[in-house]
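Quick notes on the structure that follows.
Coordinate-derived values only; no laboratory data. Since the structure is predicted, the reported quantities are computational estimates derived from the model, not experimental observations.
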Amino acid sequence: MKARRASTNQHLRTRRDHANETAEDYVEAIADIELERDRCRVTDLAERFAVSHVTVSKTLVRLKKEGLVTAQPYGPVQLTDA
């Protein structure tokens with residue numbers, strides 16, 4: 001039973017670390033795209049990461065909850081001061 005718990009804890013830590021890396025990647029990409037094009041859209045991020053707009057939207061929901069970005073439907077994505 002201990003081995004199973006250790007495995008589960010390791011899995012959760014790996015997922016959390018991956019989520020943090022993804023958040024960092026998105027924040028950096030948004031900053032880069034804003035510099036290149038003056039604004040960042042969901043489609044810009046989808047193209048940059050070669051993922052669907054749905055994947056980008058799900059990630060942005062998490063980043064909004066963390067206070068890292070703001071975005072309105074069909075509007076640009078913007079970084080917050082955080």
Relative contact order, percent, of segment 16-82 when contacts are C-alpha pairs under 8 Å separated by at least 6 residues? 30
For a quick check: with amide H placed at 1.01 Å from N, whose amide H comes under 5 Å from C40's, ignoring anything fewer than 5 positions away on the same chain? V77
Applying the Karplus parametrisation 6.51 cos²θ - 1.76 cosθ + 1.60 with θ = phi - 60° to the phi angles of segment 25-33, what ³J(HN,Hα) value in whole Hz is obtained for each residue in order, glycine and proline being reported as x? 4, 5, 4, 5, 5, 4, 4, 4, 5
From the backbone phi of segment 48-60, what are the Karplus-calculated ³J(HN,Hα) couplings (6.51 cos²θ - 1.76 cosθ + 1.60, θ = phi - 60°) in whole Hz, Gly and Pro given as x? 4, 9, 6, 10, 6, 5, 5, 4, 4, 4, 5, 5, 5
Per-residue ³J(HN,Hα) for segment 67-82, Karplus 6.51 cos²θ - 1.76 cosθ + 1.60, θ = phi - 60°, Hz, x for Gly and Pro: x, 8, 9, 10, 6, 10, x, 6, x, x, 9, 10, 6, 8, 5, 5
Using alpha-carbon coordinates alone, the radius of gyration and Dmax of segment 17-65 in Å work out to 10.2, 30
